[in-house]
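See structure below.
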Amino acid sequence: MKRIPIVPTLIVLIAVGVMIRLGFWQLERLSEKEAMLARYEAAQVSGSEVRWPESSAATERALYHRSRLDCRAARVPTTVSGRNAKGEAGLAHVATCADVEGGERQVVLGWSRDPASRPWTGGMVTGWIAPGPRLVADPPVGGLEANARPDPRDIPNNHLAYAVQWFLFAGVALVIYALALRKRMREG
């Protein structure tokens, strides 16, 4: 009868341990993500206005709050695919604005089906802080229709699925290795 190989067994057990740890890490991320999404939804419901964020940490706290920007000068808007407040597909018109502090900010001016740029030179814009960060104008400017409001429910939260996936990988690795050992023992 053959002995169980030590090095391959250790490698498989270490790999299984890493996969199990990754599964638990995804479960930790699940609760963190749920807390973040709850914070975003509370921000959106509150409707409270915050100052435009100046750092990445401030951006995280400001997402989905209302804010305003004084756009001193705006570049010609570009268009990206987007949805309007009714959920219809079309084009979101996005301008890069120079603000009072000299920084550049992205502003989603509004929505239309027409890809032609709308002349807009700047001014005070209010709206919702969306990831990017960008300000989604509410009300829209430049004669455009309202964009869909940024919604934290659009952020995927698939950490539970990832955790299950890692645990299954660990289980499958153990089963395959056990079958390989069984075959080796029979042949020996």
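Among the GluC sites (Glu not before Pro) in segment 85-154, those located in a DSSP loop and surrounded by at most 12 other Cβ atoms within 10 Å of their own Cβ are GLU88, GLU101. Between VAL164 and ASP99, the simple label model (points 7 Å from Cα in the Cβ direction) yields a spacing of 4.2 nm. Loop sites by DSSP among the trypsin sites (Lys or Arg not before Pro) of the chain, restricted to those with at most 11 other Cβ atoms within 10 angstrom, leave 114-188 as the longest stretch without any of them. Note on the chain: with charges restricted to the Cβ of Lys and Arg (+1) and Asp and Glu (-1), its dipole about the Cα centre is near 1120 debye. Annotation: extensible slack from LYS2 through ALA116 equals 33.5 nm (criterion: 0.36 nm per residue apart, minus Cα-Cα distance).
To make sure I understand, if each residue's beta carbon is the centre and we count other beta carbons within 10 Å, what order do SER56, SER67 fall in, fewest to most?
On the way: SER56 8, SER67 19.
The fewest-first ordering by Cβ neighbours comes to SER56, SER67.
Evaluate the relative contact order of the chain (contact order divided by residue number), counting alpha-carbon pairs under 8 angstrom at least 6 apart; express in whole percent.
Relative contact order here is 26 percent.
Against the chain, whose longest principal axis comes from its Cα atoms, helix 159-187 is set at around 20 degrees. Using only Cα atoms, tell me the angle between helix 6-46 and the longest principal axis of the chain; keep it within 0 to 90° and round to the nearest 10. Taking Cα atoms only, the helix is inclined about 20 degrees. You can think of it this way: the chain between ILE20 and MET36 has 3.3 nm of extra reach, that is 0.36 nm per residue less the Cα-Cα gap.
A short reminder: the numbers here are calculations on the coordinates, not readings from a lab. Because the structure is a prediction, the values reported are computed rather than measured. Because the Cβ atoms are built from the backbone with ideal geometry, glycine has one as well, and the counts that use them run over all protein chains shown.
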